[in-house]
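See below for the structure under consideration.
The values are calculated or read from the model by the stated rules, or taken from the named source; none is laboratory data. This structure is a prediction, so every number in the text was calculated from the model and none was measured. A quick note on method: Cβ atoms are made from the backbone with ideal geometry, for glycine too, and the neighbour counts reach across all protein chains shown. The protein model used for the area step is the full one, side chains on, heavy atoms only, and it has no ligands, DNA or RNA in it. Shrake-Rupley method; radii C 1.70, N 1.55, O 1.52, S 1.80 Å.
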Amino acid sequence: MSDENPELRLPPTVQILASVPGTTIPENAVAKTVLITLPGSDAGSPPHRHSGPAFGYVVKGEMIFELEGEPQRVIKAGETFWEPGADVIHYQGANNLPDGETAYLATILSAPGQPVLTVVSPEELEARRDRRAPRP
């Protein structure tokens, strides 16, 4: 017999952490959820893009996040991020902590048969440098 009193149990809560209206999702998209764990000061993936949108949540630590056309910002544990994918370059997803680990979840809605990310060439980065926001 359990000592738990059902009258004392709290009801579950649901909290919407992020909402993006009008999202363009590739036809027959494949949803992939990945967990990325970065050691202290890790730069993360090189500049890349996704074939569809990505929704993310920082589980632990702090991530430096930068998308094409937006200034870089720090996203801390418990906060979310969004990127539209397609043609937009994701410049940074780096660990902002010099000595601590940063971990984040991302759910990416990819076009069928496409990789989770595609690295952008140095030539394309140069050709699009005017689209990058000024850096601190």
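Just a few scattered comments:
- Protection-proxy order for peptides 9-15, 122-128, each taking the mean of Cβ atoms within 10 Å per residue, highest first: 122-128, 9-15
- Solvent exposure of the stretch 1-125 as accessible area per residue, Å², 1.4 Å probe: 60 Å²
- Placing one equal scatterer on every Cα of the stretch 42-110 and applying the Debye formula, the log10 ratio I(q)/I(0) at q = 0.14 Å⁻¹ is -0.37.
- Placing +1 on the Cβ of every Lys and Arg and -1 on the Cβ of every Asp and Glu, with no other charges, gives the chain a dipole of roughly 240 debye about its Cα centre.
- Translational D in µm²/s for the chain (Stokes-Einstein at 25 °C, 0.890 mPa s, Kirkwood Rh from C-alpha pairs): 148 µm²/s
- Annotation for GLU126 and ALA31: the two label points, set 7 Å from Cα along the Cα-Cβ direction, are 4.2 nm apart.
- Accessible surface of the stretch 31-86 [probe 1.4 Å, protein heavy atoms]: carbon and sulfur percent: 57 percent
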